[in-house]
Amino acid sequence: MTASLLQRLGLMAAAALLALVACAAPTAPALPPGIAVAPQLIVDQPSADKPALGDDFYGYVNHEWLSTYKLPADKSSSGATEELTEAVEENVRRLIAEIVASKPAHGSVEQKIADIYLAAMDEPAIEARGVEPLLPHLERMRAAQSYEDVIRLMGVIGYNAPFGIGVDASPDDPDRNAVWISQAGLGMPNHGYYIDGGIEALPLQAAYRSHVATILKLLGNPDPEGGAKRIYALERRIAEAHTYEDRSISIAEAMRPMSYAELKAFAPGFDWDLFLDSTGFSGADSFVITDQTAVADIADVVRRIPVADWKLWMEYHFASDFSPYMPKAFRESAFDFFSRQLYGVTEEPERWKFAVAVVEEQLDEAVAQLYVAHYFPPDHKTQIDVLVRNIRLAFETRMRGLDWMDDQTRNAALEKLAALQGMIGHPETWLDYSGYTVEPGKLVEAVYASYEFHWKQQQADLRRPVDRKRWVAPAHVVNAFYNPLANSFVLPAGILQPPYFNPDADPAENYGGIGAVIGHEMSHGFDDEGRQSDAAGRTRNWWTEETDQRFRAKSYRLVEQFDGYCPWFGACVNGLGTLGENIGDLAGLEIAYAAYRMSLDGKEAPVIEGLTGDQRFFIAYARTYRDKVREELARAMLDSDNHAPSRYRVNGVVRNMDAWYAAFAIKPGDRLYLPPNERVRIW
């Protein structure tokens with residue numbers, strides 16, 4: 001999905017989603033790479049010698065794979081989650097092939113799947129069409145004469161804007177939808193690439209300007225290099241207004257509800273009437289502003305930049321966003337910068353993978369519905385429901401016995417846990433795609449029609465109650481999520497497979513795998529951010545001051561631990577920035593372990609292949625995090641991702657658990673050993 005669509009579909013409200021990539025592939029970084037110094041411990045190049053279990057549990061468990069696996073040239077990362085994702089994609093490919101062979105009826109969702117796939121595979125046809133599919137949109141942009149014209153265009157779906165905008169539940173009234181507005185408008189991943197990168201960012205800035213110039217040249221611009229400089233200068237102005245995510249501020253400060261009058265007073269430099277009328281949100285009076293002062297500061301920039309530069313900027317972004325669906329020259333330029341230069345990927349994926357991804361981008365729920373019907377038997381959900389119930393019970397039991405939580409807070413926490421909604425496997429109802437039309441052989445048009453289809457859903461959402469049953473991702477994705485606005489967590493069918501869940505596996509493996517994921521998701525409702533919303537999803541701090549201080553003290557010890565994990569000399573984990581996920585990892589594994597022991601009903605698990613049940617539990621957990629990440633991506637993620645690198649998500653968690661010490665006879669002198677009084681115990 002392109003950046004423009006992500007911005008417009010309100011997924012910036014995922015700032016409110018606290019989405020877990022519990023075991024998933026690394027996401028694109030938001031900030032520039034760290035200090036360019038010789039690495040002391042390469043993230044994706046472990047020692048050829050197997051480490052001692054008590055020195056590096058992650059490396060010990062995953063040694064064979066880490067020592068032998070080589071990242072393919074078309075990947076920036078790989079690991080347990082990526083391998084499962086690839087298996088899912090292979091199954092989706094087979095389903096699509098069957099649909100194509102069946103010659104589906106016109107107008108059916110199967111016809112739309114087949115036609116998008118075939119259009120994406122037909123490279124000669126794409127080459128023959130050239131820039132023709134873009135021209136109606138480019139001509140519309142080129143016709144703009146005034147700031148008013150430009151602002152109207154910024155509100156058109158798929159056309160770039162300096163604001164992200166979409167619809168989601170309001171944090172002060174989660175049963176009512178609001179218009180969310182956030183910072184946007186950059187071509188590089190975030191403002192640090194323009195401002196904070198120092199000398200090591202200069203080559204990326206030059207490479208980006210080169211990509212912009214190439215796109216402009218392909219569009220027939222008479223001065224592509226000059227145009228690229230103008231676009232870069234414009235984006236730097238926007239970047240100067242952008243802000244970093246700051247976990248030290250409250251959720252109430254991070255997501256500020258406003259009326260329309262308050263929005264106009266907060267950001268008076270922008271014509272919101274024109275913009276909102278163009279987006280279809282005219283008349284809305286409930287808004288949520290994120291990114292602190294960024295929206296106001298960007299609004300002040302708009303009329304300080306010439307109309308001609310805004311037009312050129314919009315033209316470039318539209319063509320760049322659509323480059324994957326365009327002739328080879330467009331694709332190569334986009335790939336060279338966004339994959340090769342940013343993340344070290346040297347080869348494009350096979351064409352069928354691209355075609356499958358395009359189908360999934362436009363028809364994600366339709367593909368998910370087919371996938372679930374073929375690959376997620378009802379009895380799998382039955383088994384998962386039992387596991388979820390046990391983990392919920394274990395969480396409740398531990399909550400009742402916490403020595404740091406007073407009774408007033410405990411009662412509210414138990415109320416929130418009881419209200420926590422689990423959405424397992426797949427949604428109860430599926431999206432109806434009858435309003436989405438696909439013409440054979442017209443790939444760009446099919447993608448843009450998808451933008452419009454989903455945007456109409458957003459427009460309709462604004463005028464109807466919040467659908468608390470709606471999923472935040474398709475059911476075949478390999479991931480899991482917690483949504484604080486609905487107080488719900490989602491476990492898609494895609495992740496309910498090995499190595500996370502196997503209906504025929506030893507229970508220890510399932511509790512150490514998917515059990516830790518479930519516990520992680522549940523705990524997000526009670527971490528440093530999740531605890532700022534109540535059982536109904538409303539932003540409200542329901543903790544007493546006494547409990548809050550005790551929680552902060554424990555959390556700070558975890559921050560200190562993770563601040564000390566440095567994969568490179570001078571480049572360390574941000575303990576505060578990763579705090580929520582670190583709490584989730586530790587809580588998730590603690591709760592899953594308690595649930596596992598509870599499931600044994602006082603008996604000891606059998607020894608299998610020389611391993612006790614507790615040993616199999618911890619080993620299963622460590623295996624779900626095995627991965628390799630190219631250094632370009634790993635360094636950038638260290639600055640930007642709210643998850644610690646996988647090695648520390650394992651080692652940094654187990655060393656705080658008494659049960660791990662007992663299971664493997666960890667003793668003083670082992671590098672991971674912590675004295676009992678230094679182990680962080682929260683949940």
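The values are calculated or read from the model by the stated rules, or taken from the named source; none is laboratory data. None of the values given here were measured: they were computed from a predicted structure. Cβ: placed from backbone, ideal geometry, glycine included. Neighbour counts: every protein chain shown. Note: accessible area is taken over every heavy atom of the protein model, side chains too, but ligands, DNA and RNA are not part of it. Shrake-Rupley method; radii C 1.70, N 1.55, O 1.52, S 1.80 Å.
Below are the figures for this structure:
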| read-out | value |
| --- | --- |
| Selected residue [farther than 21 Å from ASN390 by Cβ, outside any helix (DSSP H, G or I) and not charged (D, E, K, R)] from ALA505, ALA553, ALA536 | ALA536 |
| Members of segment 319-356 that are aromatic (Phe, Trp, Tyr) and within 23 Å of ALA119 (Cβ to Cβ) | PHE322, TYR325, PHE330, PHE335, PHE338, TRP352, PHE354 |
| Residue within segment 412-419 that is at pLDDT 95 or above, open to solvent by less than 10 Å² (accessible area, probe 1.4 Å), closer than 27 Å to VAL517 by Cβ and touching a Ser or Thr at 6+ places or on another chain (Cβ under 7 Å) present | no |
| Matching entry among THR397, THR429 (being in a loop (DSSP other than H, G, I, E, B) and open to solvent by 70 Å² or more (accessible area, probe 1.4 Å)) | THR429 |
| Looking only at segment 522-567, and only at residues there that are of a type in the set (A, V, I, L, M, F, W, C) and out of contact with any helix residue (DSSP H, G or I) (no Cβ under 7 Å at 6 or more places or on another chain), the one that is least open to solvent (accessible area, probe 1.4 Å) | PHE551 |
| Any hit, segment 455-464, residues being open to solvent by 40 Å² or more (accessible area, probe 1.4 Å), touching a strand residue (DSSP E or B) at 6+ places or on another chain (Cβ under 9 Å) and in a loop (DSSP other than H, G, I, E, B) | yes |
| Contacts under 7 angstrom Cβ, first residue in segment 213-231 being touching a residue at least 40 places away in the same chain (Cβ under 8 Å), partner open to solvent by less than 50 Å² (accessible area, probe 1.4 Å) and among the charged types (D, E, K, R), 6 or more apart | LEU219/GLU315; ARG230/ASP309 |
| Subset of segment 348-392 that is farther than 24 Å from TYR451 by Cβ and among the basic types (Lys, Arg) - its residue that is surrounded by the fewest Cβ atoms within 10 Å (Cβ to Cβ) | ARG389 |
| Subset tally (residues that are in contact with an Asp or Glu (Cβ under 8 Å, 6 or more places away or on another chain) and either among the aliphatic types (A, V, I, L, M) or surrounded by fewer than 19 Cβ atoms within 10 Å (Cβ to Cβ) (or both)) for segment 577-611 | 5 |
| Any hit, segment 497-505, residues being among the aliphatic types (A, V, I, L, M) and either surrounded by 24 or more Cβ atoms within 10 Å (Cβ to Cβ) or closer than 16 Å to GLY580 by Cβ (or both) | no |
| Segment 630-661, residues that are open to solvent by 10 Å² or more (accessible area, probe 1.4 Å), of a type in the set (A, V, I, L, M, F, W, C) and modelled with pLDDT under 95 | ALA634, MET637, LEU638 |
| Some residue of segment 150-171 being open to solvent by 20 Å² or more (accessible area, probe 1.4 Å), part of a helix (DSSP H, G or I) and touching a helix residue (DSSP H, G or I) at 6+ places or on another chain (Cβ under 7 Å) | yes |
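For (1) under 23 Å from the mean Cα position of the chain (by Cα); (2) in a helix (DSSP H, G or I); (3) surrounded by fewer than 21 Cβ atoms within 10 Å (Cβ to Cβ); (4) at pLDDT 95 or above, each residue gets a yes or a no:
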site	(1), (2), (3), (4)
PRO257	no, no, yes, yes
LYS264	no, yes, yes, yes
ASP277	no, yes, yes, yes
ARG303	no, yes, yes, yes
ASP309	no, yes, yes, yes
TRP313	no, yes, no, yes
ARG331	no, yes, yes, yes
GLN341	yes, yes, yes, no
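Residues are listed down the side, and each one gets a yes or a no for (1) in a loop (DSSP other than H, G, I, E, B); (2) within 23 Å of the chain's Cα centre (by Cα); (3) more than 18 Å from GLY54 (Cβ to Cβ):
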| site | (1), (2), (3) |
| --- | --- |
| ILE619 | no, no, no |
| GLU632 | no, yes, yes |
| ALA636 | no, yes, yes |
| ASP639 | no, yes, yes |
| ALA644 | yes, yes, yes |
| VAL653 | no, yes, no |
| ALA662 | no, no, no |
| ASN677 | no, no, yes |
